[in-house]
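Please read the structure below before turning to the comments.
The values are calculated or read from the model by the stated rules, or taken from the named source; none is laboratory data. Predicted, not measured: the structure shown is a model, and the values here were computed from it. We place every Cβ from the backbone using ideal geometry, glycine too, and count neighbours over all the protein chains shown. For the accessible areas, the whole protein counts, side chains as well, though only heavy atoms, and no ligand, DNA or RNA atoms are used. Shrake-Rupley method; radii C 1.70, N 1.55, O 1.52, S 1.80 Å.
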Amino acid sequence: MRLLFFCLSLLFVTTVVTVQKSAWLITPGKSIGQINLEAPAQSLSVLGKPDGGDAAMMKAWRIWYSRRKDNSIDSSHMLAVFTAMRTQDTQYVKQIRVNSPKFRTSKGVGPGSTIAAIRKAYPGVEKAQAYESANKARKIVVYEDKKLGIAFETANSRSRKPVCSMVVVFDPGESAAGVLDFHTGFDLMNPVVP
């Protein structure tokens, strides 16, 4: 009986640890945390009401920010999800973006990682584009692996080694830039917070 209790306890602890790890896991071409590409937009209700976003022409950005202890918005950490219509009545997740350093790929890279570390973990990553933020305050460089469906953005790194400021997961074979024209002025890193 003790052995059975011990085995069940071990199974429970292992399951809890696995679930906690998957909550912070970036999987290229598939998911960030519990948010999956190609999932219906209704599945995002587990995140609660978005703190911001934009919508037009059957496409939408939904943005959630972290919270301080007093429950006020902390826009330094965010999760952004882009959805688009695939059928007449349902939007589906097409891109997920995150900038919190808690999120990591199975290879141990994510926001805060150097581009050198990212290239070592994902040798297929190539510089895809560079642009300025809408307010021209930052230069942003995007490195992506289209085959895997993952991109890494850097913004104004003062160090010699560029550091990732945001990770983007998208459908393999596509491009992170294919969803949002960054030159339009919609700046996820400098949002207008209500």
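Cβ-Cβ distance below 7 Å, separation of 6 or more or different chains: which pairs start in region 103-124 with a residue that is in contact (Cβ under 8 Å) with a residue 24 or more places away in the chain and farther than 11 Å from W24 by Cα and end on one that is of a type in the set (S, T, Y) and assigned to a loop (DSSP other than H, G, I, E, B)?
P111/S100
When you go through A155, A137 one by one, which is the residue that is farther than 22 Å from N36 by Cα and buried (at least 17 other Cβ atoms within 10 Å of the Cβ)?
Exactly one of A155, A137 is farther than 22 Å from N36 by Cα and buried (at least 17 other Cβ atoms within 10 Å of the Cβ), namely A155.
Considering region 68-95 alone, what residues qualify as being more than 17 Å from the chain's Cα centre (by Cα), assigned to a strand (DSSP E or B) and not aliphatic (A, V, I, L, M)?
Of everything in region 68-95, those that are more than 17 Å from the chain's Cα centre (by Cα), assigned to a strand (DSSP E or B) and not aliphatic (A, V, I, L, M) turn out to be R86, T87, T90, Q91.
Consider R67 against the criteria (1) touching a residue at least 24 places away in the same chain (Cβ under 8 Å); (2) open to solvent by 70 Å² or more (accessible area, probe 1.4 Å): it satisfies all of them except one. Which criterion is unmet?
(1)
If G173 satisfies all but one of (1) farther than 28 Å from A55 by Cα; (2) without any contact (Cβ under 8 Å) to a residue 60 or more places away in the chain; (3) surrounded by fewer than 14 Cβ atoms within 10 Å (Cβ to Cβ), what's the number of the condition it fails?
For G173, the exception is condition (1).
Please find, within region 138-153, the residue that is modelled with the highest pLDDT out of those that are over 18 Å from S106 (Cβ atoms) and aliphatic (A, V, I, L, M).
Of everything passing the filter in region 138-153, V142 is modelled with the highest pLDDT.
Identify all residues within region 53-65 that are modelled with pLDDT under 90 and of a type outside the set (A, V, I, L, M, F, W, C); write none if there are none.
If the condition is that a residue be modelled with pLDDT under 90 and of a type outside the set (A, V, I, L, M, F, W, C), then G53, D54, K59 are the ones that fit.
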